[in-house]
Amino acid sequence: QSSNRFRILIVSRPMRDLATSFGSNTKVVHDEISLEDTSDDIKAYTTSVISATLHAGKFQDDICTKVLEKAHGSFLWVSLALDQLKNNWHTENDVGEVLNDLPGGMEPLYVRMMNTISKQAPRPRTIALRILTWTVCVFRPLELAELEVALESEFGNFLCLKDTVSQI
């Protein structure tokens with residue numbers, strides 16, 4: 001009788017029943033990544049993006065601080081927030097307005113996105129819902145070209161799907 005031992009690394013968001021689903025004979029080591037573990041990386045990324053675009057010292061620090069406060073430790077939130085800012089950093093007031101309007105954390109941001117989609121005209125709303133369906137239901141992240149192929153039968157050829165995704 002041979003005994004094969006192997007180790008598996010599973011990375012996920014916190015899930016109550018994940019450890020118990022492996023059975024009682026399986027040793028599960030749980031290690032959580034805290035906000036402190038990622039804060040330096042998020043700050044470095046945020047500072048890098050802001051300083052590459054803006055050249056106003058103190059104002060950069062203020063933006064970075066506000067972004068980090070609202071991010072709640074989420075790289076994705078920071079990335080989405082910085083994308084919004086990039087489209088609106090014409091004046092200091094514009095930046096302040098965008099930062100004030102962005103909800104803190106991912107869940108309120110998702111709610112805001114869904115509300116924005118629901119207020120659109122039928123055609124863009126349908127496109128947005130199909131894009132969300134494909135991106136949520138696939139087993140791995142899709143390349144933009146793969147998403148375009150998936151949507152082509154319903155919508156035809158997109159002129160620039162990247163722009164469509166940004167606009168919707």
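Summary of computed values
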{"quantity": "Hits in the range 104-133 - residues which are farther than 29 Å from V67 by Cα and either open to solvent by 100 Å² or more (accessible area, probe 1.4 Å) or in contact with a strand residue (DSSP E or B) (Cβ under 8 Å, 6 or more places away or on another chain) (or both)", "calculated": "R123"}
{"quantity": "Residue in the range 44-67 that is surrounded by the fewest Cβ atoms within 10 Å (Cβ to Cβ), counting only those that are within 30 Å of I10 (Cα to Cα) and out of contact with any helix residue (DSSP H, G or I) (no Cβ under 6 Å at 6 or more places or on another chain)", "calculated": "A44"}
{"quantity": "Scope the range 57-115; condition more than 19 Å from A44 (Cα to Cα) and either aromatic (F, W, Y) or touching a Pro at 6+ places or on another chain (Cβ under 7 Å) (or both); matching residues", "calculated": "W89, L109, Y110, R112"}
{"quantity": "S153 vs. criteria farther than 25 Å from T38 by Cα, modelled with pLDDT of 90 or more, touching a Lys or Arg at 6+ places or on another chain (Cβ under 8 Å) and not aliphatic (A, V, I, L, M)", "calculated": "no"}
{"quantity": "Cβ pairs under 8 Å, 6+ apart, first in the range 114-141 and within 14 Å of F158 (Cβ to Cβ), second loosely packed, with under 12 Cβ neighbours inside 10 Å and of a type outside the set (G, A, S)", "calculated": "P124/Q167; R130/E154"}
{"quantity": "The one condition in (1) closer than 30 Å to Q167 by Cβ; (2) among the hydroxyl-bearing types (S, T, Y); (3) without any contact (Cβ under 8 Å) to a residue 12 or more places away in the chain that S21 fails to fulfil", "calculated": "(1)"}
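The values are calculated or read from the model by the stated rules, or taken from the named source; none is laboratory data. Given the structure is predicted, the values throughout are model-derived calculations rather than measurements. Neighbour counts run over all protein chains shown; Cβ positions are idealised from the backbone, glycine included. For accessibility, only protein heavy atoms count, side chains too; no ligands or nucleic acids. Shrake-Rupley method; radii C 1.70, N 1.55, O 1.52, S 1.80 Å.
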